[in-house]
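The values are calculated or read from the model by the stated rules, or taken from the named source; none is laboratory data. Just so we're clear, the structure is a prediction, and the values are computed from it rather than from any experiment. All Cβ positions, even for glycine, are placed from backbone atoms using ideal geometry, and neighbour counts span all protein chains on display. Accessible surface areas use protein heavy atoms only, side chains included; no ligands, DNA or RNA. Shrake-Rupley method; radii C 1.70, N 1.55, O 1.52, S 1.80 Å.
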Amino acid sequence: MTTLKVQKRDMETKAKKLRREGFITGNLFGKEIEGSIPLKIERLEAERTLRGCMKGTQMLDVEGKMYDVLIKEIDFDATKNQTLEIDFQALVSNEKVHSVAEIVLHNTENVVEGVLEQILKEVSYKAYPSALVDKIDVDCGNLHLGDCIRVKDLEIAKNKDISIMTNPESIIVNVIAVHNNAGDDTADDTEETAEK
């Protein structure tokens, strides 16, 4: 879990000025927070955190006070290729929250029969803060032609503290046959030569 250091933002200072000074603006909200806490985050620190992990839980250090949070929204300016604002939701320990976990495939090089096809890139779920995960590792090393792994086969689906929102029957990966059309092309060339 990553920790992001942030500061409380003085609302008298305009967001544009803060961005020129190398900050990203943000807000922290949650059930146990009255209203929301306006934030300013050093751009380099924020982008380092976003590169490392966009999903799952983070620790937010607001001037020494720690919050367990989820990133709920990111305002990104594509023309300037920079993040403008990040909104965080503070979590409550005894309440399930909605999150998404990225699927990471391992040992794909061991699949020699057919082609490995990844259909699902992430799984949506609800969990208590203590059970939140940002990545799900899937071992593909023992898969053969015609095999598949579904959401219900994952360890996360067997965890009583986690409620899977994605359809349990959804296929994550399967191994499909390789179709080679080279033979057909050769036959066409032979026919064309005979006609000439």
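A few points about this structure:
- Between LEU44 and LYS72, the simple label model (points 7 Å from Cα in the Cβ direction) yields a spacing of 3.1 nm.
- Solvent-accessible area, 1.4 Å probe, carbon plus sulfur percent, for the stretch 19-159: 45
- Options GLY26, ALA15, ASN107, ranked by Cα towards positive dipole end of the stretch 1-146, top entry (Cβ charges): ALA15
- Residue separation of CYS148 and MET11 scaled by 0.36 nm, minus their Cα-Cα distance, works out to 44.1 nm of gained length.
- Checking the Cα-Cα distances for LYS16/LYS72; LYS16/LYS96; LYS135/LYS158 against a 27 Å cut-off, the pairs over it are LYS16/LYS96.
- Label positions at ASN81 and HIS98, each projected 7 Å from the Cα along the C-beta direction, are separated by 3.3 nm.
- Sorted largest first, extent of the chain alpha carbons per principal axis (Å): 83, 47, 24
- Where trypsin sites (Lys or Arg not before Pro) fall in DSSP loop in the stretch 138-170, at most 10 other Cβ within 10 Å: LYS160
- Computed over the stretch 1-53, the P(r) tail beyond 13 angstrom holds 61 percent of alpha carbon pairs.
- Note that the stretch 137-180 carries a Kirkwood radius of 11.8 Å, evaluated over its alpha carbons pair by pair.
- Gain upon complete extension [ILE176, ILE119; 0.36 nm per residue less C-alpha separation]: 19.3 nm
- In the full protein context, the chain carries 62 Å² of accessible surface per residue, based on a 1.4 Å probe and ignoring ligands, DNA and RNA.
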